[in-house]
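Comments concern the structure below.
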Amino acid sequence: MLIGPSMISLLAAIDRFAEHKDIDPVKDFCYFLRTFAVRGFLYWLIGWLGSVIAIVDTLFAVQFESGKWLVPFFLLLGMLSIALSINAWYFQVRNPKAAKKDVLRTALFFTLKKWPVSLLATFLFVAVFVALILKPQFGFTLFPVLFFGLLYLNLRKFQIK
């Protein structure tokens with residue numbers, strides 16, 4: 001359950017590194033963790049609940065012959081909820097003083113408007129956990145930073161020019 005606070009803090013640390021080209025990793029991460037922990041957790045609840053609902057409903061629908069056609073809908077629901085959480089983390093990091101309602105509204109708009117970018121962000125997020133299972137020695141050390149660095153570069157496509 002601490003995925004939300006840690007991932008928003010990691011995105012904030014990557015954002016600081018991208019802007020200043022210098023970072024004190026432990027000090028800055030702890031600062032971002034204190035700053036964004038509650039909001040990161042609340043935004044993660046959206047993705048977590050959407051994923052749990054999608055998994056449970058998929059397992060239920062597969063038991064019935066006529067319910068199998070709902071599986072793509074539930075997969076889409078899970079992916080959109082995770083993408084909404086990731087986009088909310090990004091927009092909260094980029095606008096630290098913004099209200100939760102405004103961040104969620106912006107994240108929902110960009111999740112639906114720029115869905116290929118959101119789909120790639122979801123894929124990179126899920127790839128971190130697949131790497132944790134397949135190669136734990138790299139999954140705990142290198143892959144989160146590499147994949148979230150790519151995720152951050154991907155999310156920079158949301159900037160309005």
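Residue check, residue 67 against (1) farther than 23 Å from residue 14 by Cα; (2) modelled with pLDDT of 85 or more; (3) open to solvent by less than 30 Å² (accessible area, probe 1.4 Å), all met but one. Which one?
(2)
Condition (residue is open to solvent by 40 Å² or more (accessible area, probe 1.4 Å) and modelled with pLDDT under 85) applied to segment 89-111: is it met by at least one residue? Don't jump to the end; show me each part of the working.
Going residue by residue through segment 89-111, those that are open to solvent by 40 Å² or more (accessible area, probe 1.4 Å) are 94-97, 99-102, 104-106, 108-109.
Remaining after also requiring modelled with pLDDT under 85: none.
No, because not a single residue in segment 89-111 is open to solvent by 40 Å² or more (accessible area, probe 1.4 Å) and modelled with pLDDT under 85.
Looking at segment 19-53 only, could you name the residues that are over 17 Å from the mean Cα position of the chain (by Cα), open to solvent by 60 Å² or more (accessible area, probe 1.4 Å) and of a type in the set (D, E, K, R)?
19, 21, 22, 24, 27, 34
Test residue 151 against the criterion of being within 17 Å of residue 14 (Cβ to Cβ) and under 17 Å from the mean Cα position of the chain (by Cα), and give yes or no. It would help to see each step written out before you state the result.
Values: within 17 Å of residue 14 (Cβ to Cβ): yes; under 17 Å from the mean Cα position of the chain (by Cα): yes.
Yes; evaluated as a whole, the condition is true for this residue.
Can residue 132 be described as in contact with a Pro (Cβ under 9 Å, 6 or more places away or on another chain), open to solvent by 20 Å² or more (accessible area, probe 1.4 Å) and more than 24 Å from residue 38 (Cα to Cα)?
Against the criterion (in contact with a Pro (Cβ under 9 Å, 6 or more places away or on another chain), open to solvent by 20 Å² or more (accessible area, probe 1.4 Å) and more than 24 Å from residue 38 (Cα to Cα)), residue 132 qualifies.
The values are calculated or read from the model by the stated rules, or taken from the named source; none is laboratory data. A quick note: this is a predicted structure, and the numbers were derived from the prediction, not measured. Cβ: placed from backbone, ideal geometry, glycine included. Neighbour counts: every protein chain shown. Protein only, heavy atoms only, side chains kept; ligands, DNA and RNA dropped before computing areas. Shrake-Rupley method; radii C 1.70, N 1.55, O 1.52, S 1.80 Å.
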